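Everything below concerns the one structure shown next.
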Amino acid sequence: MKTKLDNYRIFYEVATNLSFSNAAKSLYISQSAVSQSIKQLENDLECQLFHRYSRKISLTQEGTILYDYIKSAMESIDVAEQKINNLKSLDDGSLIIGAADTITSNFLLPYLEQFHFLYPNIHLQVFNATSIEMIPLVKSGKVDIAFANLPIHDDDLYIQSCADIHDIFVCSSRMEIKDSYTRKEIAELPLILLEKNSNSRLFVEEEFLKTHISLNPHIEIGAHELLLQLASINLGVSCVIKEFSTSYLEQNKLKELTLKQPLPSRSIGYIQQRDFPLSTAAETFIKLINKTNI
């Protein structure tokens, strides 16, 4: 671009007002500076943009063509600025969240409801995938933030815990159980576990392998809710997240098997690109969660 953008802005004001003095007042600069800017623009474009009379000016043919394009550009800039202001004030925009079905239904739902109530003009979208599948979605920018079962280790991501969870083993209330179980005894039961590609399954298996015990489930499924349902009808012993199973436990549809060596707690956390700032909507959503979980 041969000339400075400032000169086009000044040209736009002069052409809109058809007055050098009024343009100067609008831009809070001197009339001399306006005249010099228009002269520089005419030199750069090698054409005359205004007919100059003793008391007025008018656009030349070239000036009219330029004004039509500059007017469109300036209006687009004004719209863009307004859009940015709307995004900053949460009067417009979108928020794309990535999360597994289990985390969405058992953890995020009340926050999504509250966020939508507070900021109804923000378009919410939830992209469902496993915790491990969330990593490339965050890196590619397809989601603004993702919520996943931790631990996740990736130097390209910022990962922050926001809620503690506990893995437990449960069975039907009709099943006879002992006061407590060793990990070896648990491994010998008819287990129902999530599929191997889930972070929860990997975490539990790694904990058992620390004591040289392998888990060989009788049934593998892809949804936490099915773990609860299958255990409740006495098809086996499921490994579930305690915080997501309270209704089954409180209604005595399931009972917990006590481990002599309980599994350590872990976390649900959010992940984002390390080198890119969050949008105002995403930052506000995270603050909403952090405020509740302090």
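Worth pointing out:
- Residue selected from region 196-241 under the condition among the hydroxyl-bearing types (Ser, Thr, Tyr) and part of a helix (DSSP H, G or I), by the criterion modelled with the highest pLDDT: 232
- Search result, residues across region 106-119 that are more than 25 Å from residue 265 (Cβ to Cβ) and not in a loop (DSSP other than H, G, I, E, B): 113, 114, 115, 116, 117, 118
- Residues that are β-branched (Val, Ile, Thr) and part of a loop (DSSP other than H, G, I, E, B) were ranked within region 120-143; the one that is nearest to residue 98 (Cα to Cα) is 143.
- When 185, 225 are checked against the criterion of being farther than 30 Å from residue 282 by Cβ and among the charged types (D, E, K, R), a single residue qualifies: 185.
- Among the conditions (1) over 23 Å from residue 107 (Cβ atoms); (2) under 29 Å from the mean Cα position of the chain (by Cα); (3) not polar (S, T, N, Q), residue 236 misses just one, which is (2).
- Region 248-264 residues that are among the aliphatic types (A, V, I, L, M), paired with ones that are assigned to a strand (DSSP E or B) (beta carbon under 6 Å, 6 or more apart): 254/170; 257/169; 257/181; 259/181; 263/167
- Subset of region 13-29 (residues that are surrounded by 15 or more Cβ atoms within 10 Å (Cβ to Cβ) and either part of a loop (DSSP other than H, G, I, E, B) or in contact with a Pro (Cβ under 9 Å, 6 or more places away or on another chain) (or both)): 19, 29
- Residue within region 65-77 that is surrounded by 17 or more Cβ atoms within 10 Å (Cβ to Cβ) and either under 30 Å from residue 227 (Cα atoms) or not hydrophobic (A, V, I, L, M, F, W, C) (or both) present: yes
- Listed by first and then second residue, the pairs linking a residue in region 114-142 that is assigned by TED's automatic domain parsing to the domain that holds residue 157 to a residue that is of a type in the set (Asp, Glu), with Cβ atoms under 8 Å apart and 6 or more places separating them unless they lie on different chains, are 121/91; 121/92; 122/92; 128/101; 135/154; 139/156.
- Evaluation of residue 233 against (1) among the hydrophobic types (A, V, I, L, M, F, W, C); (2) surrounded by 13 or more Cβ atoms within 10 Å (Cβ to Cβ); (3) not assigned by TED's automatic domain parsing to the domain that holds residue 159 (one fails), failing number: (2)
- So residue 103, is it assigned to a helix (DSSP H, G or I), of a type outside the set (D, E, K, R) and more than 30 Å from residue 266 (Cβ to Cβ): no
- Among the candidates 29, 57, residue that is in contact (Cβ under 8 Å) with a residue 24 or more places away in the chain, among the hydrophobic types (A, V, I, L, M, F, W, C) and at negative phi: 57
- Check on residue 46, over 41 Å from the mean Cα position of the chain (by Cα), more than 30 Å from residue 121 (Cβ to Cβ) and surrounded by 15 or more Cβ atoms within 10 Å (Cβ to Cβ): no
- Residue in region 72-86 that is acidic (Asp, Glu), in a loop (DSSP other than H, G, I, E, B) and farther than 30 Å from residue 289 by Cα present: no
- Filter result for the condition that a residue is assigned by TED's automatic domain parsing to the domain that holds residue 241 and in a loop (DSSP other than H, G, I, E, B), over 177, 152: 177
- Candidates 243, 225, 195 - the one that is closer than 25 Å to residue 138 by Cα, surrounded by fewer than 19 Cβ atoms within 10 Å (Cβ to Cβ) and of a type outside the set (A, V, I, L, M, F, W, C): 195
- For region 72-121, the set of residues classified as under 15 Å from the mean Cα position of the chain (by Cα) and modelled with pLDDT under 90 consists of 87, 90, 93, 94, 100, listed by residue number.
- Test: residue 159 is surrounded by 16 or more Cβ atoms within 10 Å (Cβ to Cβ), touching a Phe, Trp or Tyr at 6+ places or on another chain (Cβ under 9 Å) and either in contact (Cβ under 8 Å) with a residue 40 or more places away in the chain or outside any strand (DSSP E or B) (or both): yes
The values are calculated or read from the model by the stated rules, or taken from the named source; none is laboratory data. Keep in mind that what you see is a predicted model, and the values were worked out from it rather than measured. All Cβ positions, glycine included, derive from the backbone under ideal geometry; neighbour counts span all protein chains shown.
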